[in-house]
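Everything below concerns the one structure shown next.
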Amino acid sequence: MAFVMALGIAGASILSASASPATRERHRQLQQQHLDAQRELRTQQNLLGNTRYEMSAVMLEMQELDRELGEVAEALEGIMLAQLDTEIRIADAEDDLQAARDEYEIQFDTLRARIRVMHEEGSLAMFDVLFQAESITDFFARWEYLRVAAQFDRDLLDSIQETEHKIAAHIEDLARWRMMVETLQFQYERTQDNLEFLHTERTAWFERLAEDEVMLAELTAIAEYEERMARSAFGEIQAQLRREEDEMARQRAATQHSERLARLNNFDGQFMWPIPSHGRVTSGFGMRFHPILRTNRHHSGIDVGAPTGTRLYAAADGYVRFAGWSGGYGNTVIIDHGNGYSTLYAHNSRNRVTTGQFVSRGQHIADVGSTGMSTGPHLHFEIRINNTAVDPARYFPI
């Protein structure tokens, strides 16, 4: 499109070379205005396109942020459920801890009581229990009692130690669970805050881009209008240039035609031989036996033998009065040389000029052929004065 417009502008520049100075100056100004309007339109269109592209990119980012916010919200919901489950587990752990502490107190009270009894009675009391046995069976029974009591004391100490370990484990579990839930919640809340901040920032940026898009669309519409008006004005000046050029061309053609007519009106009958490459006349001017009609008829010209395709040239300057098919003559060219003179070239294989065309002496006008009533390829050539054929021998040494 730019190339075609450049050709149009270049063509207008060529036309303006033959227009009036005022028109040329006006053409130059409007051409520059049109180019400036085109550049401004392209600039606004590029800015508008870039803004819309950036809006699309920001929209995609916002959609991605919305997706990530949804994932974080789901994760936070999961954390809240985990936190609720943890609180339940913490409550159960606290109940277990309290039960362990109660058991610990009972065990510790029992241990204190046993220690107090053992301290008050001393170690000899155990032997007094054995010596008071009334039989060997009673002795072993008392011995088993004492062994069981000692084992109870040992088991009580072990139970107290186990309870202390259980209490410590519960305290450690509570601390670990609370720490894990608080850490996860902090991380996801911070992630959510960051995403919401980015989303808010992108939303504000999108709104600014939307405002720019509206403004640039208005500027683009204005630029399109100005470019259209500049193009219209430029088209009008180009049309004016063409009209002036056509008028000047018409004037030049009229002047040239007048000059040619003046020259033709002074034509003195000086002809050149129309087929320089061949000069043998096979049939002369006057009465002869017609080779096709088989009767004696007047031959209004001369025949010059030559191969088909041999070039034929205008015998003098003039206007082509006729170029086309003419009955027995076949393809024919008739040239009006002015001052009553004309020439005819017949039986051509091909005519190279058109009716109304001006031709110069020696210009290629047709090719030798054998069209129409002809027995073979040759040129039938006539010279006419006031439409009456005359013998070409008057003008050529045949």
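The values are calculated or read from the model by the stated rules, or taken from the named source; none is laboratory data. As the structure is a prediction and not an experimental result, all values here were calculated from the model. Positions of Cβ are generated from backbone atoms using ideal geometry, with glycine treated the same way; all protein chains shown enter the neighbour counts. What goes into the accessible areas is simple: the full protein's heavy atoms, side chains included, and nothing from ligands, DNA or RNA. Shrake-Rupley method; radii C 1.70, N 1.55, O 1.52, S 1.80 Å.
One residue alone among A366, A315 is among the aliphatic types (A, V, I, L, M), touching a residue at least 40 places away in the same chain (Cβ under 8 Å) and not in a strand (DSSP E or B), and that residue is A315. Taking the conditions (1) touching a Pro at 6+ places or on another chain (Cβ under 6 Å); (2) open to solvent by 10 Å² or more (accessible area, probe 1.4 Å) in turn, G328 satisfies each one other than (1).
Kindly indicate whether any position in the range 371-381 is crowded, with 17+ Cβ neighbours inside 10 Å and within 60 Å of the chain's Cα centre (by Cα). There is at least one residue in the range 371-381 that is crowded, with 17+ Cβ neighbours inside 10 Å and within 60 Å of the chain's Cα centre (by Cα).
Has the range 343-356 got at least one residue that is closer than 28 Å to A254 by Cβ, among the small types (G, A, S) and either at pLDDT below 95 or open to solvent by 30 Å² or more (accessible area, probe 1.4 Å) (or both)? Yes: one or more hits.
Table: residues versus (1) over 27 Å from S342 (Cα atoms); (2) touching a Pro at 6+ places or on another chain (Cβ under 8 Å); (3) open to solvent by 60 Å² or more (accessible area, probe 1.4 Å); (4) in a helix (DSSP H, G or I).
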position: Y225; (1), (2), (3), (4): yes, no, yes, yes
position: R231; (1), (2), (3), (4): yes, no, yes, yes
position: F234; (1), (2), (3), (4): yes, no, no, yes
position: A239; (1), (2), (3), (4): yes, no, no, yes
position: A254; (1), (2), (3), (4): no, no, no, yes
position: L261; (1), (2), (3), (4): no, no, yes, yes
position: D268; (1), (2), (3), (4): no, no, yes, no
position: P276; (1), (2), (3), (4): no, no, yes, no
position: R297; (1), (2), (3), (4): no, no, yes, no
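Out of all the residues in the range 144-156, is one or more part of a helix (DSSP H, G or I), within 30 Å of E94 (Cβ to Cβ) and either over 60 Å from the mean Cα position of the chain (by Cα) or modelled with pLDDT of 75 or more (or both)? Yes, the conditions are met somewhere in the range 144-156.
Scanning the range 178-200 for residues that are exposed (fewer than 14 other Cβ atoms within 10 Å of the Cβ) and charged (D, E, K, R) yields E182, E189, R190, D193, E196. In the range 226-245 there is no residue that is among the basic types (K, R), under 26 Å from D96 (Cα atoms) and over 31 Å from the mean Cα position of the chain (by Cα).
Consider M272 carefully, then state whether it is assigned to a loop (DSSP other than H, G, I, E, B) and aliphatic (A, V, I, L, M). Taking the combined requirement at face value, the residue satisfies it. Summed over the range 114-142, residues that are modelled with pLDDT of 70 or more and within 30 Å of A168 (Cβ to Cβ) total 0. Given the criteria at pLDDT 90 or above, in contact with a Leu (Cβ under 9 Å, 6 or more places away or on another chain) and open to solvent by 40 Å² or more (accessible area, probe 1.4 Å), does L47 qualify? Yes.
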